[in-house]
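Undergrad: Before we start, here is the structure in question, set down as structure tokens.
The values are calculated or read from the model by the stated rules, or taken from the named source; none is laboratory data. As the structure is a computational prediction, the values presented were derived from the model and not from experiment. Cβ placement follows ideal geometry from the backbone for every residue including glycine, while neighbour counts extend to all protein chains displayed.
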Amino acid sequence: MRLVTKEKWLWLVPLIIVILLWQFVAVYVVKTPSILPSVTAVIFSFYELRNYILPDILVSLLHFAIGMVLAFAVALPLAIAMGWYDTIFKAVDPIIELIRPIPPLAWVPLAIAWFHLTHYAAGFIIFIGAFFPILIASYTGFRDVPKVLVETGKVLGCIGNRKLIRYVAIPYALPSIATGTRVGMGVAWMCVVAAEMFSVSNYGLGFRLFTKFFPMHQMDYVVAYMLILGLVALCIDRAFRHFVEGKLFKWKKGIVK
């Protein structure tokens with residue numbers, strides 16, 4: 001019991017080391033807050049920014065939700081079609097591979113032209129970031145469905161593609177869909193800053209970081225918002241892992257328990 005308790009708090013050790021090292025380097029090595037602010041300055045910044053943090057987080061989460069919902073709604077049906085029907089895969093895959101390498105930032109002019117400076121413009125950039133990881137992982141899961149499972153499904157009464165997809169392919173591909181969604185969420189959250197730096201809204205973590213703090217060289221505020229971006233992403237990922245991997249895929253355990 002005591003060993004389990006020690007392992008539970010083991011993550012604090014490297015965190016404390018990093019914080020102490022950061023404080024030492026900032027104060028005694030760099031000595032220039034405009035280059036590297038100290039830990040204490042950043043902590044004090046959280047208090048000074050207390051009136052902005054929550055509204056900015058909520059707006060960024062709104063943009064994130066718009067992009068993720070749209071990405072999942074488009075990517076999953078397309079993944080099913082590409083994974084299950086070889087003709088569709090051969091027809092669509094070259095287009096996907098042509099568009100996929102284009103960075104989400106390159107879509108900003110089109111996003112502004114199509115949606116103007118609105119929440120939907122930011123959501124579109126985030127959609128681009130999340131769409132391809134979800135699509136590729138999902139259609140790979142559908143294409144990897146073993147033929148023996150398909151034949152077994154037919155024997156048990158799954159006649160027709162619709163039933164086979166519903167009762168055989170989707171359950172088999174769920175782990176791949178979950179993995180793609182988790183990766184897509186990470187990429188989507190990284191796109192939040194790029195989506196908001198063009199002032200699509202008067203709030204948002206990316207908006208505040210690039211249009212308010214960085215031009216004024218307020219690096220303690222910049223680092224504070226960088227940490228907030230990381231903490232929010234950590235919370236999103238942990239929540240996803242808890243409900244999907246911990247609940248939905250409770251049966252699917254690897255070596256690490």
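Undergrad: I'd like the residue in the stretch 220-246 that is under 30 Å from A173 (Cβ atoms) and among the aromatic types (F, W, Y) and, out of all such residues, is modelled with the highest pLDDT.
TA: Among residues in the stretch 220-246 that are under 30 Å from A173 (Cβ atoms) and among the aromatic types (F, W, Y), the one modelled with the highest pLDDT is F240.
Undergrad: Could you say which residue among A73, A81 is small (G, A, S), loosely packed, with under 14 Cβ neighbours inside 10 Å and either modelled with pLDDT under 90 or under 25 Å from the mean Cα position of the chain (by Cα) (or both)?
TA: Going through A73, A81 in turn, just one is small (G, A, S), loosely packed, with under 14 Cβ neighbours inside 10 Å and either modelled with pLDDT under 90 or under 25 Å from the mean Cα position of the chain (by Cα) (or both): A73.
Undergrad: To continue, here is another question. Going through the stretch 152-208 one residue at a time, which ones are part of a loop (DSSP other than H, G, I, E, B) and either in contact with a Pro (Cβ under 7 Å, 6 or more places away or on another chain) or without any contact (Cβ under 8 Å) to a residue 12 or more places away in the chain (or both)?
TA: If the condition is that a residue be part of a loop (DSSP other than H, G, I, E, B) and either in contact with a Pro (Cβ under 7 Å, 6 or more places away or on another chain) or without any contact (Cβ under 8 Å) to a residue 12 or more places away in the chain (or both), then L156, G157, C158, I159, G160, N202, Y203 are the ones that fit.
Undergrad: Then there is this: Between A75, A71, A81, which is part of a helix (DSSP H, G or I) and farther than 27 Å from V200 by Cα?
TA: When all the criteria are applied, what remains is A81.
Undergrad: Only one of (1) over 17 Å from N161 (Cβ atoms); (2) more than 22 Å from the chain's Cα centre (by Cα); (3) surrounded by 16 or more Cβ atoms within 10 Å (Cβ to Cβ) is not met by W107, so which one is it?
TA: W107 satisfies all of (1) over 17 Å from N161 (Cβ atoms); (2) more than 22 Å from the chain's Cα centre (by Cα); (3) surrounded by 16 or more Cβ atoms within 10 Å (Cβ to Cβ) except (2).
Undergrad: To continue, here is another question. Taking the stretch 118-136 only, how many residues are of a type in the set (G, A, S) and within 13 Å of I102 (Cβ to Cβ)?
TA: The total comes to 1.
Undergrad: Where the second residue is surrounded by 12 or more Cβ atoms within 10 Å (Cβ to Cβ) and not in a helix (DSSP H, G or I) and the first is modelled with pLDDT under 90 and lies in the stretch 96-109, which pairs have Cβ atoms under 7 Å and are six or more apart or on separate chains?
TA: V108/F198
Per-residue answers, yes or no, for (1) buried (at least 16 other Cβ atoms within 10 Å of the Cβ); (2) under 27 Å from the mean Cα position of the chain (by Cα):
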| residue | (1), (2) |
| --- | --- |
| I17 | no, no |
| L21 | no, no |
| V29 | no, no |
| S34 | no, no |
| P37 | yes, no |
| R50 | no, yes |
| D56 | yes, yes |
| L62 | yes, yes |
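Undergrad: Quick one: what pairs do we get from the stretch 119-136, first residue assigned to a helix (DSSP H, G or I), second of a type in the set (D, E, K, R) and surrounded by fewer than 24 Cβ atoms within 10 Å (Cβ to Cβ), C-beta under 7 Å, 6+ apart or different chains?
TA: Listed by first residue and then by second, the contacts come to F132/R100.
Undergrad: Does the stretch 167-183 include one or more residues that are at pLDDT below 90, more than 18 Å from A137 (Cα to Cα) and not aliphatic (A, V, I, L, M)?
TA: Yes: one or more hits.
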